[in-house]
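Take a look at the structure below.
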Amino acid sequence: MDAARLEERPVVVDAPLCSRFRTPRSACVTCAELCPTGAIRIADRGAEIVGTCHGCGVCFAACPNGAFRISGKNDQTVLSTIRDRCASPPATFRIRCARGDAPADLVVPCLGRLTEVLLLEPLRLGASATEILEPPCEACPSARAVAELPNLLRRARSLAELVGRGREAVREQRVPLRGHPERRERPVTRRDFLRAMRGQAAGPAATSLAEAPGRDGTGGSSFRDLLEQRRESVKRSLLLDCLRGFPKRDGGTPEVPSPSPATVAVPAREAPLAELTVTPRCTGCGVCATLCPTGAITANWTERDFVLSFRPWDCTNCQVCVIVCGPRAIRARGTVRLDSLLRAQAVSLLQARRATCRLCRDAFPADGADICPLCTHQQKRQAAALHLLFKERGP
Amino acid sequence: MAEVGAFMPEEMVQASITKKGPKQLALWVDLEYCIGCHACTMACKAENNTPVGVDYNRVTEVEVGEFRDPQRKPELRVYFVPMPCMHCGKPACLAACPVGAITKRKEDGIVLINKDKCIGCKYCAWACPFGHPQFNAEAQVMEKCTLCVHRVSKGLRPACVDTCVARTRFFGEMDDLIRLIREKRAERVSLGFVGGKTTTDPSILYTK
């Protein structure tokens, strides 16, 4: 089997960014729930594309980490379309889906495909508002794909407010539904048909070859190697580029190099990032740093200190760190201030002196003892277990 | 024994001593005859090539009895309890692992850590009721007794069983071991599990 042909699939999973790949404790099923064709399955190695993928890209938009790679119309190509269109920016930039019946500046396969950056980029380029032309989605066979659209709009509006454009800069408008999906100009040829069939067969064939190395570019290297490979989240870096490209609020004079962005606080559930706090119960195990999909948390042991630092602009609010923390030391705040997306200032979550355990010789955050809390705990556990074994011989 | 058979059919006797369940390889350690020579610890260390500080099979000493009370006859005894991994039926370490690196093999019930997946977070050590998993600082992974899975798969016994000087260790399937214990020590057996049988369902059998 020629693996290169299987690689031609329209969407592939970037496993190291998938929360489900990094920890089986994550309960994230957003991509599987939103995929209009139900082509995504969540398995041991995270999200997998098993069914007929249309390449609509809803999964990429749905995933907080953007753990999918679209080979066709990905965000970069759509953004360049927007830039072309905005060479002379329209007052209102209209976006519709393939089934919406209205003139528009940009057509996406489905409104579920939209990401924050696609809504904000026209504003950055000079449009006074972005308008989503929304047909009655409940009548569409892909209705499940737009389940997250209200959340996306809330996030985009908060971000628009953050960059000083006001919440009303992102609007929606009802339009009628087109009777049939758009037809291609060119009639379907036999070659088109066979190509489509090959595309449909590729997913199941790849699944049957699941054990073969080299699949999705993830095979061949071990889980630990993949964890350590930090993949940049394209979704996030495009959004940050866009947000930072907005003109500064106070004119951006050279005397004030980093003007303070608007302070916008939103409920944590609809925020694109989390605000984390760490209690002193932290044992310095570094699980949060190891498993964070985007590498927003780093745990650093130096000669003398342990520092847990957090880069909020990389955080995607996937909650993996909160879920995996054993001592429940890491917490997410209920409200999130969005301006930390623009301030490139790392936050120090925890700072402690370094101590080395006399028994296991591993470093731990100092608490005055020379044996680490784990070794003490293990000794107690062992003694308690043995006590139960010999209990019956007691008086 | 013949009279027992007269009262009770043989298969009922067998059923009463045979645990029905998935296959589980186990060890039986006869504490009565363990002399605390630590040969099993050393054999294990040599077999698994563990670094300093990591021992899959530590032997702990337990003093049982009371001698301070003048009213009672002093009855003291020191037991040597080898503490390998208990290969629990419901492993607490498996439940605690944040990356799913720990598996309990269906075919023989051995609990193993996948070192390719382990991220060395030590959560299994926190969770284990027997304080068994240990951190290998060189490889930055957790390690624990594998019941010498590499030997078992070749049809050999674990190194600690083969090396035991006092022949106090026996290896086999749990059901067979229980039958063996009944045969050897039927009249005064007191079968024990470290930590009791209820918590995580440990599989290493002790008699004393």
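The values are calculated or read from the model by the stated rules, or taken from the named source; none is laboratory data. Everything numeric in this text was worked out from a predicted model, so none of it was measured. Here the Cβ is made from the backbone with ideal geometry for all residues, glycine too, and neighbour counts use every protein chain on show. These area figures cover heavy atoms from the full protein model, side chains too; ligands, DNA and RNA do not enter into them. Shrake-Rupley method; radii C 1.70, N 1.55, O 1.52, S 1.80 Å.
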**Message:** If the only charges are +1 at each Lys and Arg Cβ and -1 at each Asp and Glu Cβ, what is the size of the charge dipole of the protein assembly as shown around the Cα centre, to the nearest 20 debye?
**Reply:** 520
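Please calculate how many Å² of accessible area the stretch B:73-165 carries per residue, with a 1.4 Å probe and no DNA, RNA or ligand atoms counted.
Dividing the accessible area of the stretch B:73-165 by its residue count gives 40 Å².
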**Complete:** With -39,500 (n - 2.57) per DSSP H segment of 4 or more residues and division by the full residue count of chain B, the 222 nm estimate, nearest 500 deg cm²/dmol, is -6500 deg cm²/dmol
**Asked** Other chains near A:301-308: what is the mean number of their Cβ atoms within 10 Å of each residue's Cβ?
**Response** 0
**Prompt:** Given the rule -39500 (n - 2.57) for each run of at least 4 DSSP H residues, summed and divided by the residues of chain A, what is its mean residue ellipticity at 222 nm, to the nearest 500 deg cm²/dmol?
**Reply:** -8500 deg cm²/dmol
**Item:** For a label point 7 Å along the Cα-to-beta-carbon line of A:Gln345, residues of the stretch A:266-281 with backbone N under 19 Å
**Value:** A:266, A:273-278
**Asked** Which of the pairs A:Lys73/A:Lys235; A:Lys391/B:Lys23; B:Lys104/B:Lys208 have their Cα atoms more than 18 Å apart in this structure?
**Response** A:Lys391/B:Lys23; B:Lys104/B:Lys208
**Asked** When the chain is fully extended, how far beyond the present Cα-Cα distance does A:Ala268 get from A:Gln319, taking 0.36 nm per residue of separation?
**Response** 17.3 nm
**Prompt:** Which of A:Gln382, A:Val108, A:Ser222 sits closest to the plus end of the dipole of the protein assembly as shown, meaning its Cα is farthest towards the positive end, when Lys and Arg get +1 and Asp and Glu get -1 on the C-beta?
**Reply:** A:Val108
**Item:** Accessible area buried at the A-B interface, both sides summed, 1.4 Å probe (Å², nearest 100)
**Value:** 3200
**Complete:** If amide H atoms are modeled at 1.01 Å from N in the peptide plane, then the residues at a separation of 5 or more from A:Leu350, or on another chain, having amide H under 5 Å from its own are A:Leu308
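What does DSSP give for the protein assembly as shown in terms of the percent of beta bridges that are antiparallel, rounded to the nearest 5? Display every interim value, and only then the final one.
Working: 48 of 64 bridges.
Of the beta bridges lying entirely in the protein assembly as shown, close to 75 percent run antiparallel.
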**Prompt:** Over the stretch B:116-191, what percent of the accessible surface lies on carbon and sulfur atoms, probe 1.4 Å?
**Reply:** 49
**Message:** Within 10 Å of each Cβ in B:126-132, how many Cβ atoms from other chains are there, averaged over the peptide?
**Reply:** 6
**Asked** Once the Cα atoms of helix B:174-185 and of chain B are each reduced to a long axis, what angle between those two axes, in degrees from 0 to 90 to the nearest 10, is obtained?
**Response** 40
**Item:** Peptides ranked, highest mean first, by Cβ atoms within 10 Å: ranges B:31-39, A:53-61, A:35-43
**Value:** A:53-61, A:35-43, B:31-39
**Item:** Percent carbon-and-sulfur accessible area, the stretch A:299-395, ignoring ligands, DNA and RNA, probe 1.4 Å
**Value:** 48
**Item:** In degrees, nearest ten, helix A:234-245 long axis to first principal axis of chain A (Cα)
**Value:** 70
**Asked** For A:279-287, what's the mean count of beta carbons from other chains sitting within 10 Å of each residue's beta carbon?
**Response** 2
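Order these peptides, A:367-379, B:108-120, A:292-304, by their mean beta-carbon neighbour count within 10 angstrom, highest first.
Numbers: A:367-379: 15.8, B:108-120: 19.7, A:292-304: 18.2.
Sorting A:367-379, B:108-120, A:292-304 by mean packing, highest first, produces B:108-120, A:292-304, A:367-379.
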